[in-house]
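Enquirer: Here's a structure for you.
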Amino acid sequence: MMNNAAQIAETTEQAQQYAIRTEKLNLWYGTFQALYDVDFNIRQGMITSLIGPSGCGKSTYLRSVNRINERLGYVRIEGNIDVFGQNIYDPSVELVQVRKQIGMVFQRPNPLPISIRDNILFGHKLHSGGRASRSEQDGIVEDALRQVLLWDKVKDRLNRKATELSLEEQQKLCIARLLPVKPRVLLMDEPCSALDPKGTAAVEELIWELRGKYSILIVTHNMAQARRASEECIFMLMGKVVEHATTDQLFVSPQSQQTADYIEGRYG
Amino acid sequence: MTEDTMSLFEETALNAKNKRVQGLYRTLFMLMTLLLITPVVIILATLVVKGSAVLSIDFLFTDPTDGMTAGGIFPALLGTVWLVTVALLVSVPLGVAAAIYLSEYAPDNWFTRLINLAIINLAGVPSIVHALFGVGAFVIFFGFGTSILAASLTLAIMTLPVVIVATRESLQAVPQAFREACWNMGATRWQTIRKVVLPNSISGILTGVILEVSRTTGETAPVMFTGAAFFLPFLPQSVFDQTMAMSLHLFVVSTQVPHVPEALPYGVALVLIGMVLIMNSISIAFRMYLRGKKKW
């Protein structure tokens, strides 16, 4: 953890390297406090993984970043989450824009029960008022599907229902449909836990491909996955951040005994 | 050794007893089921046997004659179509809108729970009470007189809870994951409803509505005080006129008019039940068609 002097010394230039800056985030579900003074920065264009045992607050944190938690009426939040320099909990912030800039991928693939093509265009239509020519739309669909390495597999059946795809393909499609609205941050909540090992490998490969273009924050239970598919890693325990380091450093020489215990499988 | 392996799979006395008991219950439940469908079969068979003699195209499309002891049922048939159509024009938009609000927008608090409770209770109100309410509210207070409008509004109030409940159930059958997917792409509630929730629940909603049509068709009490007439020598020209109705006509020809040939009331009943069965079949066929189209 940085000390105060170092924080103050941070220049604006450095600040711009961060996609998400979290300051003293506390969150309560009713009277239960799920996050305690969470304080870390997520680097722009990198893949950061959040690991920790069930109930440590990693998913809760993720859900605070695109403000889905607040849909539950009994959630209370204190502190700041700045995304590209703006506090997303500021009253002047438009929720629809938050959701557009910050895409979310769920544990269980949730394609809409419409065609593959319409799934990709769904978000785009929402945010463009639906004004795009047929050829523009074709371009958007092809581009998004190419980015998720799905184009060659589905190009001949774009009008088939998305729900007919395999789980792995569905999850790739769920990532693809976020891309046409050009989000800057992608949140992934255990994106591979519903997939078999082959599907997991394929989706991990895809996430690695997207590195650089998007700032990716991925919650995972799977430590091997965090190690393979992320550049920085944050370990959380009981609602607190224990350690935040580069993935190599965290797994090779953890600074905290708690981190060491967890990655060696002593609990969790 | 061989003996042991043999006895491993042999029937024991306990097995045999359990089997007998299970067979007994199976037979019992089957008999109950047969008992259940017996009245339906008897009713339909009686109607067909005794009523089919009067059935003809003329019967459907001519007026009753000779003090309703002869002729057809056209004014009653037309009147029922009027009543049901106007009732649905009121209850469907109202009920579907209320169900959308309750299922998609309303927070779960004491007020919504109160509304839900009211809807359930409204569904349990006897039709004669609805009828008297209709007289007080629509015939007298709003001054519609005994008219198609007053009768249809009464029917609409009666069908409203069922439309709301059926609609809400089909809305809630749409997986929550679809809504979350939309919200997380920045769709508003309405965009989510319009693009995802409604298209995936429309089959259930329409099924509920069509089943309501068939129930409304047979209602007698709510219409006899509010808009349906014993006999009218003319057809209704607007919703402010009275009308004849199939259900009331059946009551009249079977109990109120002397010297009616036996086949006539059976014929009327057969047409009435035929309308209901046709509606139900359409509803079932439609649901099967729409279900076949959706997959998740």
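The values are calculated or read from the model by the stated rules, or taken from the named source; none is laboratory data. Here the structure is a predicted model, which means the values were calculated and not measured. Note that we place each Cβ from the backbone using ideal geometry, even for glycine, and neighbour counts take in every protein chain shown. Quick note on the areas: whole protein, heavy atoms, side chains included, nothing else; ligands and nucleic acids left out. Shrake-Rupley method; radii C 1.70, N 1.55, O 1.52, S 1.80 Å.
Enquirer: Return the residues of the range A:95-108 that are more than 7 Å from chain B (Cβ to nearest Cβ), over 17 Å from A:Leu217 (Cα atoms) and open to solvent by less than 60 Å² (accessible area, probe 1.4 Å); say none if nothing qualifies.
Expert: A:Leu95
Enquirer: Could you tell me whether the range B:203-217 includes any residue that is closer than 30 Å to A:Pro111 by Cα and over 16 Å from the mean Cα position of the chain (by Cα)? Lay out the reasoning, then the answer.
Expert: So the first thing to find is which residues in the range B:203-217 are closer than 30 Å to A:Pro111 by Cα, and the list is B:203-209.
Next, only the ones that are over 16 Å from the mean Cα position of the chain (by Cα) stay: none.
No, the range B:203-217 contains no residue that is closer than 30 Å to A:Pro111 by Cα and over 16 Å from the mean Cα position of the chain (by Cα).
Enquirer: Another question, then. Conditions: (1) modelled with pLDDT of 90 or more; (2) open to solvent by less than 70 Å² (accessible area, probe 1.4 Å). A:Gly85 meets all but one. Number of the miss?
Expert: Every condition holds for A:Gly85 apart from (1).
Enquirer: So which residues in the range A:76-88 are closer than 25 Å to B:Ala106 by Cβ and touching a Ser or Thr at 6+ places or on another chain (Cβ under 9 Å), if there are any at all?
Expert: Here is the first cut: in the range A:76-88, the residues closer than 25 Å to B:Ala106 by Cβ are A:76-77.
Passing the criteria: only A:Ile77.
Enquirer: Any idea which of (1) over 18 Å from the mean Cα position of the chain (by Cα); (2) modelled with pLDDT under 90 is the one A:Asp156 doesn't satisfy?
Expert: For A:Asp156, the failing item is (2).
Enquirer: Also: What about B:Phe251, is it in contact (Cβ under 8 Å) with a residue 60 or more places away in the chain and surrounded by fewer than 21 Cβ atoms within 10 Å (Cβ to Cβ)?
Expert: no
Enquirer: Which one of these is closer than 20 Å to B:Val92 by Cα and small (Gly, Ala, Ser): B:Gly186, B:Gly218?
Expert: B:Gly218
Enquirer: Right, here's the next one. What single numbered condition from (1) hydroxyl-bearing (Ser, Thr, Tyr); (2) within 14 Å of another protein chain (Cβ to nearest Cβ); (3) open to solvent by 10 Å² or more (accessible area, probe 1.4 Å) fails to hold for B:Ser127?
Expert: Of the numbered conditions (1) hydroxyl-bearing (Ser, Thr, Tyr); (2) within 14 Å of another protein chain (Cβ to nearest Cβ); (3) open to solvent by 10 Å² or more (accessible area, probe 1.4 Å), the odd one out for B:Ser127 is (2).
Enquirer: For the range A:196-213, does any single residue satisfy the condition of being in a loop (DSSP other than H, G, I, E, B), touching a Gly at 6+ places or on another chain (Cβ under 9 Å) and open to solvent by less than 20 Å² (accessible area, probe 1.4 Å)?
Expert: Taking every residue of the range A:196-213 in turn, none turns out to be in a loop (DSSP other than H, G, I, E, B), touching a Gly at 6+ places or on another chain (Cβ under 9 Å) and open to solvent by less than 20 Å² (accessible area, probe 1.4 Å).
Enquirer: Moving on to the next point. Name the residues in the range B:145-203 that are away from chain A (no Cβ under 14 Å) and open to solvent by 20 Å² or more (accessible area, probe 1.4 Å), would you? If you could, list the steps in order and put the result at the bottom.
Expert: Start the filter on the range B:145-203 by keeping residues that are away from chain A (no Cβ under 14 Å), which leaves B:145-172.
Within the range B:145-203, B:Gly145, B:Thr146, B:Leu149, B:Leu153, B:Ile157, B:Leu160, B:Val162, B:Val165, B:Ala166, B:Arg168, B:Glu169, B:Gln172 qualify.
For (1) touching a residue at least 24 places away in the same chain (Cβ under 8 Å); (2) at negative phi; (3) open to solvent by 60 Å² or more (accessible area, probe 1.4 Å), each residue gets a yes or a no:
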position	(1), (2), (3)
B:Asn15	no, yes, yes
B:Pro39	no, yes, yes
B:Leu47	yes, yes, no
B:Ala53	yes, yes, yes
B:Pro64	yes, yes, no
B:Val92	yes, yes, no
B:Asp108	no, yes, yes
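Enquirer: Please find, within the range A:1-44, the residue that is modelled with the lowest pLDDT out of those that are hydroxyl-bearing (Ser, Thr, Tyr) and exposed (fewer than 11 other Cβ atoms within 10 Å of the Cβ).
Expert: A:Thr11
Enquirer: Now a separate question. Which one of these is more than 11 Å from chain B (Cβ to nearest Cβ) and within 27 Å of B:Asn200 (Cβ to Cβ): A:Ser133, A:Ser92, A:Ser115?
Expert: The unique qualifying residue is A:Ser115.
Enquirer: Check B:Glu104 against each of (1) among the acidic types (Asp, Glu); (2) exposed (fewer than 10 other Cβ atoms within 10 Å of the Cβ); (3) modelled with pLDDT of 90 or more and name the one condition it does not meet.
Expert: So B:Glu104 meets the others, but not (2).
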